[in-house]
Every structure is written in C-alpha cells, then in structure tokens.
Amino acid sequence: MSRNRRSALRSTRVPRALRALAGAAALVALATGCTHSGSSQAAPSQVPTTGTPGRADVHEADVDLTITDAVAHLDSAGNGTLTMAIRNDSGVPEHLDMVGAPDAGRGVIAGRSTGKTGDPGSLMDAGIYLPDGTTVTFGGTGPTVTFTAVHGVTAQHTLPLMLEFGVARLVNLSARVVTTG
C-alpha cells in the first residue's frame, strides 16, 4: 500500500467513526422516542396516585381501579399474607396476575376458596378474576396472596409491592405491615 493511500485512510477514519457514532445515537433516540403503539391500552402506572400506604388509585385511559386496605401480615421471617380490596370500574374485566415484592420476592396467588371458575375472585388462566363493577376482597374466603421469606419492609412499616394486571399492567402499591406471631 502506498504512503499516500495510508495517510488518506487515517484522515478518513475519524470522520467515519464520528458518523457511525452519530448514526447509532440517532437510532437509539428514535427507538426510545417512538415507542407509542397508538393503541388505547393504558400506560403502566409507575406510582399510586395517592401517597397513602395501603391505597392506590389508578385512573388512566381505559383503567379505573381502586386498591384499598392493603396490609401485609408478616411474621419475623417474612412469611404471611396480603389482605386488600380491589374495586374494578374500568368497563372491562381485569385480572391480577402477579404480586412482586423487593429483592425478587413474589406472592403466591390463589383463587377464592368458595364459588366456581368465572366468579369474582376465582383463579383463571390470566390470574385472579376481577369483573367490571365488582370489589374483590383478598383474605378470608376470598382469593389469597401468600408470601414466603419476603424482605424489604421499610422503617415506616410498609412493604413496597408491584401488582401486575392484565389491562392496567404494573401498579406500585405500598402495603402497611402488621407483625404477626
């Protein structure tokens, strides 16, 4: 390779690298800025609309959920249950699919102990069934959420939780903690 050709290659490497870097940055900006699908599905709720422990109100687009009286009943090892009431006024059925806790903890959900599949609070393939216009109470004879060795109770005696719904998607909730046994 001739000397002139080598110096010409060196002088074009920097601008090529800058153009490649600028192109990559533009692609990243487009990918993150243009993720709106245009559907009417609600965006994930990242925080409850109230700062009250034990309560979350989600009122966005096609979602109208109210979660009240959320209490984690935990022993010293982090074992226990979650009680709460979920009101669905969204106009469509909803399902609670998952309850996540800090440090990759998960609550095990189970359907109500009475009734049949398709009744409010029953366990279906998509999760706990929450028909429109109903309030489903977790605990007692209703559906249950059970924790094993959950961690992350705050100094304010709350447990940060993430609830995953079929329509509302992710909802953050801070449950009050009551120590048992």
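The values are calculated or read from the model by the stated rules, or taken from the named source; none is laboratory data. Predicted model only: the values in this text are computed from it and were never measured. Note: ideal-geometry Cβ built from the backbone for every residue, glycine included; neighbour counts use all protein chains shown.
Annotations for the structure displayed:
- All positions within segment 107-122 that are out of contact with any strand residue (DSSP E or B) (no Cβ under 6 Å at 6 or more places or on another chain), closer than 21 Å to residue 71 by Cα and surrounded by fewer than 18 Cβ atoms within 10 Å (Cβ to Cβ): 113
- Matching residues in segment 63-84 - criterion: being within 23 Å of residue 133 (Cβ to Cβ) and over 17 Å from the mean Cα position of the chain (by Cα): 69, 83
- Lone unmet requirement of (1) more than 16 Å from residue 90 (Cα to Cα); (2) touching a residue at least 40 places away in the same chain (Cβ under 8 Å) for residue 155: (2)
- The set of residues in segment 135-150 being at pLDDT 95 or above and either crowded, with 19+ Cβ neighbours inside 10 Å or touching an Asp or Glu at 6+ places or on another chain (Cβ under 9 Å) (or both) consists of 136, 137, 138, 143, 144, 145, 147, 150.
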